[in-house]
């Protein structure tokens, strides 16, 4: 595990289980919501996951299981790869409360067991803003290409790179082409009291341009099938996220 991964593991194992309970409710409460309509829990990615019964899906950086559990309820065989034991705790409790099962492997995605998982998965699903946790996107994409079956597909959704250049008052922040590793706030730090935030560890992040992301997908061997940009969460007229559908 490299230095960046160690930093991010330490951060994401700091009060993460407590955060998920704060934001999403207890695993039982979250499970009840998912069970109402598992397909709807996939939100803007529902169309990529029709007729998935019996398919093997890898949910990379799958966090607290909020996407893996509905995929499992829809009949898929789901494996989460994630760096946090705290995330695993919530995800497995969530699956149990939803009366389904998922596999959860804690470790660095750079260290995935390629002897076991090469050509193993029908679908790869990455969402929620994760690319900045990897300082070598080409290495990441090469691993993803290896673990996907021929004729498989990857659904990759992440924060739009322009998003970090737009301030809270829509002012422009000129840092689009930054390539350095940065220290940053843990994603859920602001959910806690200001005095408590002092003790939160930082994460280590590396931002990518849109061309770096798209070119890495292509040069790793994937065929780019679809690229969609998404508005802000409150329907703001700015690019906030994107989704790539890539084929092998």
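Points to keep in mind about this one:
- Within segment 1-119, strands (runs of 3 or more DSSP E) holding 3 or more residues that are in contact (Cβ under 8 Å) with a residue 60 or more places away in the chain and touching a strand residue (DSSP E or B) at 6+ places or on another chain (Cβ under 9 Å): 56-60
- Of all the residues in segment 101-149, those that are within 18 Å of residue 220 (Cβ to Cβ), under 15 Å from the mean Cα position of the chain (by Cα) and surrounded by fewer than 19 Cβ atoms within 10 Å (Cβ to Cβ) number 2.
- Per the listing 217, 203, 228, the residue uniquely crowded, with 18+ Cβ neighbours inside 10 Å and either under 25 Å from residue 47 (Cα atoms) or at pLDDT below 95 (or both) is 217.
- Check on residue 75, touching a helix residue (DSSP H, G or I) at 6+ places or on another chain (Cβ under 8 Å) and at positive phi: no
- Residue check, residue 33 touching a helix residue (DSSP H, G or I) at 6+ places or on another chain (Cβ under 8 Å), surrounded by fewer than 18 Cβ atoms within 10 Å (Cβ to Cβ) and farther than 29 Å from residue 111 by Cβ: yes
- Members of segment 139-160 found to be over 21 Å from residue 55 (Cα atoms) and in contact with a strand residue (DSSP E or B) (Cβ under 7 Å, 6 or more places away or on another chain), listed by number: 158, 159, 160
- In segment 121-146, the residues that are in contact (Cβ under 8 Å) with a residue 60 or more places away in the chain form Cβ pairs under 7 Å with partners that are in a helix (DSSP H, G or I) and surrounded by fewer than 18 Cβ atoms within 10 Å (Cβ to Cβ), at six or more places apart or across chains, as follows: 127/45; 137/212.
- Residue that is farthest from residue 205 (Cα to Cα), among those in segment 126-147 that are assigned to a loop (DSSP other than H, G, I, E, B) and modelled with pLDDT of 95 or more: 127
- Selection count where residues are without any contact (Cβ under 8 Å) to a residue 60 or more places away in the chain, assigned to a loop (DSSP other than H, G, I, E, B), under 19 Å from residue 10 (Cβ atoms) and touching a helix residue (DSSP H, G or I) at 6+ places or on another chain (Cβ under 8 Å), scope segment 164-209: 0
The values are calculated or read from the model by the stated rules, or taken from the named source; none is laboratory data. Note that the coordinates shown come from a computational prediction; the quantities given were computed from them, not determined experimentally. With ideal geometry, Cβ positions are generated from the backbone for all residues, glycine too; neighbour counts draw on all protein chains shown.
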